[in-house]
């Protein structure tokens, strides 16, 4: 009975070792640059033939079994942490998903929230900055300034108008407010329901744009003239937002991007197709304190009829002849089936903080800069 049980156990562990070895010589994994773990030496011949009847031999078999199990765990961890590639599983976590802790920038991710709620969070922190700036003399010197804050969220469906844009007429307003069906199953927290979009006036420039589920919005509230980090100018701050988003797209999804003179935002690099905007930018400054920011289309509908595709209801930012795109439309399988907006926002925050603290990292994120 002891001999039979040992034979079965050894055979099972040998099969496990064979599986690990097969994976170790798998060319696709080698092409991904995977550093595979060293496996323990094979079992002694007597053990593999079912003769491990002595206490010493059974102890050796047990140790080797545990060693092979540990090797399998290491191998799985190595696969999980392998950088993205076209052959990678879309369900794996993104590289860099476990980002370093932020040292200066505070980050608050609101999840799926109304545009009004997110604006309230942003405005409250901005008011703290402005109140601190209004202090004078010793009171100003004794009270530390508020920390820079990133507010990130996915908005419930909302169309926003630029501050200088004329109000839309009743017919256009009714068109924007028609029910919008949102069906986003390919994510960690699926969204599948019909919304009645809101329409709001915004403090940014430009014309009409859309915010909704599947689009991650990044609103940094920072003092561009803070002594805690190198100063920004208006143009350098906008470039930093674009560069952060471009680097995120390149590192996580391999999407090559560009920026275009007089057309703020991030665009997919030119190809045989017409220009496609993947991230929209709109910023407001008051006494050098920022509001609003950039919105990245991750998995929002960019094609189809108006009941599914919000962009079909208007000309995005007045850009005739140009299209709107998303990570899902450009990267396909490289967008994980269980993507998480909070993880994506955390990665964006880490990249943004690098540029916040180091001026030389505030530009150059786009593959092609046409400004």
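The values are calculated or read from the model by the stated rules, or taken from the named source; none is laboratory data. Note that this is a predicted model, so its numbers are computed, not measured. Because the Cβ atoms are built from the backbone with ideal geometry, glycine has one as well, and the counts that use them run over all protein chains shown.
Here are some notes:
- Residue 198 surrounded by fewer than 20 Cβ atoms within 10 Å (Cβ to Cβ), on the phi > 0 side of the Ramachandran plot and over 16 Å from the mean Cα position of the chain (by Cα): no
- In the set (1) modelled with pLDDT of 95 or more; (2) under 25 Å from residue 225 (Cα atoms), the condition left unmet by residue 371 is number (1).
Table: residues versus (1) touching a helix residue (DSSP H, G or I) at 6+ places or on another chain (Cβ under 7 Å); (2) surrounded by fewer than 20 Cβ atoms within 10 Å (Cβ to Cβ); (3) touching a residue at least 60 places away in the same chain (Cβ under 8 Å); (4) under 30 Å from residue 134 (Cβ atoms).
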| position | (1), (2), (3), (4) |
| --- | --- |
| 258 | no, yes, yes, no |
| 262 | no, yes, no, no |
| 266 | yes, no, yes, no |
| 274 | no, yes, no, no |
| 289 | yes, no, yes, yes |
| 292 | no, no, yes, yes |
| 303 | no, yes, no, no |
| 308 | no, yes, yes, no |
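- Scoring residue 331 on the criteria (1) outside any loop (DSSP other than H, G, I, E, B); (2) at pLDDT below 90 leaves a single failure, condition (2).
- Test: residue in the range 317-326 that is outside any strand (DSSP E or B), under 19 Å from the mean Cα position of the chain (by Cα) and within 15 Å of residue 252 (Cα to Cα): yes
- Positions within the range 87-110 being touching a helix residue (DSSP H, G or I) at 6+ places or on another chain (Cβ under 8 Å), at pLDDT 90 or above and surrounded by 12 or more Cβ atoms within 10 Å (Cβ to Cβ), in sequence order: 102, 104, 105, 107, 108, 109, 110
- Scan of the range 334-345 for residues that are in a helix (DSSP H, G or I) and out of contact with any strand residue (DSSP E or B) (no Cβ under 7 Å at 6 or more places or on another chain), ordered by number: 334, 343
- Of all residues in the range 138-157, those that are without any contact (Cβ under 8 Å) to a residue 12 or more places away in the chain have Cβ atoms under 7 Å from Cβ atoms of residues that are surrounded by fewer than 21 Cβ atoms within 10 Å (Cβ to Cβ) and part of a loop (DSSP other than H, G, I, E, B), 6 or more apart or on another chain, in 143/135.
- Test: residue in the range 177-190 that is buried (at least 17 other Cβ atoms within 10 Å of the Cβ), closer than 16 Å to residue 292 by Cβ and in the same structural domain as residue 341 (by TED's automatic domain parsing): no
Results for (1) surrounded by 13 or more Cβ atoms within 10 Å (Cβ to Cβ); (2) not in a helix (DSSP H, G or I), shown as yes or no for each residue.
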position	(1), (2)
118	yes, no
141	no, no
145	yes, yes
159	yes, yes
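- Segments classed as strands (runs of 3 or more DSSP E), wholly inside the range 189-265, with at least 1 members that are under 14 Å from residue 297 (Cα atoms) and touching a strand residue (DSSP E or B) at 6+ places or on another chain (Cβ under 8 Å): 209-211, 215-221, 257-260
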